[in-house]
Amino acid sequence: MKRSLLWKIEEAVMRGLMIGALVVVLGCLLLILSTVLWKGLPAMNLTMLIQAPQGGYYTGAEGGILNAILGSLYLAVGATLVAFLLGLPIALYLQVYAGHSRLVEAVRLSLDVLWGIPSIVYGAFGFSLMLFLGMRASLLGGIIALSLVELPIMCRAIEEVLKMVPFELTESAYALGATRWEVAWKVMVRQGLPGITSATLLAFGRGIGDAASVLFTAGYTDNLPTSLLRPAASLPLAVFFQLGTPFPAVQQRAYASALVLTAIVLIISVLSRLASERLSRYVVK
Amino acid sequence: MPRGKGSPPIVSRTGWRRLQDRLGGRVMAVMAAGAALLVLVMVAALLVRAWPILRCKPLGELLLGTSWHPLKGAFGFRPFIVGTLWVTALAMVIAVPLCTLCAICLAEYARPKVQRAAKPLIDLLAGIPSVVYGVWGMLTVVPLIREHVGPWADRHLGHVPFFSTAANPTGYGVLAGGIVLAVMVFPIIISVMEEVLCSVPDGLREATLALGVTRWIMVRKVVLRRALPGVIAAVVLGFSRAFGETMAVLMVVGNVPQAPRSIFDAAYPLTALIANNYGEMMSVPLYDAALMGAGLFLLLVVLGFNLLARLILRRATRRAM
């Protein structure tokens, strides 16, 4: 009797702790979003969004962060494109061609490990690659480093999606005489379309928020990005550099920039959910 | 499919499809192998860049030396390594209990509705850019420590080691870095742990509950024991993520190259060192090699931890099936 009472007390205490933990974790999310909104909204205005920095911007003069917004979009779109073109075939290969060979296990392990490598290391690697090729900090260099950051995210996410494709579907395709290539590109890709879309958007969201990898490779500039071989600004670095100035007015703009960045990430995340819902109409259930 | 017997095309349709299948497979295999080799290429590239300094300084002096004066040619990474370890360890102390409770709550207690609602929110937390975490840290965590936690600790814990605020009352320091990092690793630890807990077979749960114990006792005595390797792997993954995080930590940790003595002291993690000094590293001899060496060190540590965690996870989830 006594023991069961102890158990009941323990149960109640642990339940309380668990709910507390869940509240703390979700509360942190809420706190972060509300802090960014609270500080960013008052500093927000249209000029921020449609102008590049003018002379003396970092001491409080007129201007905006269009350079960083455009730079970030170019960087993330380019990197996502490269990562998609590399990641989709790799994921398809792992799911369709290779059964349970050593190579597959090695590739999976390697992708898992790559997924855990800090982005500053990708930045350092990209930087040494660029020195080797004789390139300087440029949009192209940033795209290369960022695509390496995104590649493992993309591969693993797409592979998870492809795993969900019903076994019967691929089996019937094989029974009709389809080759593995056709199963991969005509069955798997179509059936996985909603998931592949949301995986791509997920990788895009990660890419646009990454700062450490583009720090060395894409550099920073106040000009709008015009060429692949010129440096490009990016939003995370814009936040970082503006916060680093001693002028409150410029720091206000950093909060607004953080708000823009967060808004983009949130929109991408909502879009990815919408896309996977909308597109799943075209899928065999 | 009717196929004429006379004068077949040079490559028949079936032949073309077979060729496409083979060739395509080859190309994809090469790409996959390339991804597998990328890790090695990264290690090799950083090793090449760091070679000048590895050649002329003994490894012990680099890793354990306390003096960091690039202009005088002294490159001791110890303050930075110690700083990284402090911040990461503190983050894990905060994150592990919270995440374990959270994962158990989601995997064992929550109704499917709550489970489904919590997942996108945790994914959202994972998707927030690290710079935004840094901004949050500077706006919320640092003032909180400066105005409330620090003075409180000063009054009540002033003489306890590791809790002295005397050296640094600004709020920027190990504690702020640890809190921000802990929040950043919440999503990864929770999602991996939840997955691990869910892979414990339901039969075990039912058998245990049938013996008449409460749910928590079932979790503690059966589920957690069964899932222990996976839980450890989740913690290791979180640790290695925290170990390599750069921008957010850089913004709140104070960046003073010293080995911290208290959680309120400023620190200077390895990642912040690399990010802060990339600009001038090409103009001082051996400086770039030293920073790339720091990158290599980070890469190797994270690589080791990740390999360990993934191998444990692989075993843990395989056995469960």
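No lab work stands behind these numbers, since they all come straight from the coordinates. Keep in mind that what you see is a predicted model, and the values were worked out from it rather than measured. Quick reminder, even Gly has a Cβ in these numbers, built from the backbone with ideal geometry, and neighbours come from all protein chains shown.
Just a few scattered comments:
- Cβ-based charge dipole, the protein assembly as shown, positive-most Cα from A:Val187, B:Leu157, A:Val23: A:Val187
- Dipole of the protein assembly as shown, positive end: most advanced residue of A:Cys155, B:Asn277, B:Cys99 [Cβ charges, Cα centre]: A:Cys155
- Anisotropy class of chain B from Cα gyration tensor, a/c 1.5 cut: oblate
- Packing rank of A:141-153, A:271-283, A:237-249, where each peptide gets the mean count of other beta carbons within 10 Å, highest leading: A:141-153, A:237-249, A:271-283
- Helical mean residue ellipticity (222 nm; -39500 (n - 2.57) per DSSP H run of 4+; nearest 500) of chain A: -24000 deg cm²/dmol
- Neighbouring partner chain Cβ atoms per residue of B:22-31, average, 10 Å criterion: 6
- Computed from point charges on the beta carbon alone (+1 for Lys and Arg, -1 for Asp and Glu), the dipole magnitude for chain A about its Cα centre is near 480 Debye.
- Rough spin-label spacing in nm, given labels placed 7 Å along Cα→Cβ, for B:Glu280 and B:Leu37: 4.0
- For B:272-279, mean number of other protein chain Cβ atoms within 10 Å: 4
- Shielding by other protein chains, A:124-137, mean Cβ within 10 Å: 5
- On the basis of the beta-carbon distance and an R0 of 25 Å, A:Phe247 and A:Leu37 show a calculated FRET efficiency of 0.65.
- Cross-link partners of B:Lys72 among lysines (Cα-Cα below 29 Å; sequence separation of 8 or more within a chain): B:Lys57
- Take every pair of alpha-carbon atoms less than 8 Å apart whose residues are at least six positions apart; their mean separation over the length of chain A yields a relative contact order of 27 percent.
- Comparing A:Arg15, A:Arg253, A:Arg102 in a Gaussian network model of chain A, where Cα atoms under 10 Å apart are tied by springs, the biggest mean-square fluctuation is seen for A:Arg15.
- Whether chain A is rounded, prolate or oblate, judged on the alpha carbon gyration tensor where a/c under 1.5 counts as rounded: oblate
- Gyration tensor (alpha-carbon) shape descriptor, the protein assembly as shown, a/c threshold 1.5: oblate
- Near B:Ala74, the amide H atoms lying under 5 Å from its own belong to B:His69; only residues 5 or more places off or on other chains count, and H is placed 1.01 Å from N.
- The charge dipole of region A:61-187, taken about the Cα centre with unit charges on the Cβ atoms of Lys, Arg (+1) and Asp, Glu (-1), comes to about 260 debye, rounded to the nearest 20.
- Label separation (B:Leu228 vs A:Leu73): 5.4 nm, computed from points 7 Å beyond Cα along the C-beta direction.
- For the pair A:Arg136 and B:Ala74, label points projected 7 Å from Cα toward Cβ lie 3.5 nm apart.
- For the peptides B:295-306, B:193-204, the ranking by mean Cβ contacts within 10 Å, running from highest to lowest, is B:295-306, B:193-204.
- For a modelled paramagnetic label at A:Val189, 7 Å from Cα along Cα-to-Cβ, the residues of region A:124-160 in reach, with backbone nitrogen under 18 Å, are A:154-160.
- FRET efficiency, 1/(1 + (r/R0)^6) with R0 25 Å, evaluated for B:Thr170 and B:Leu64 via beta carbons: 0.30
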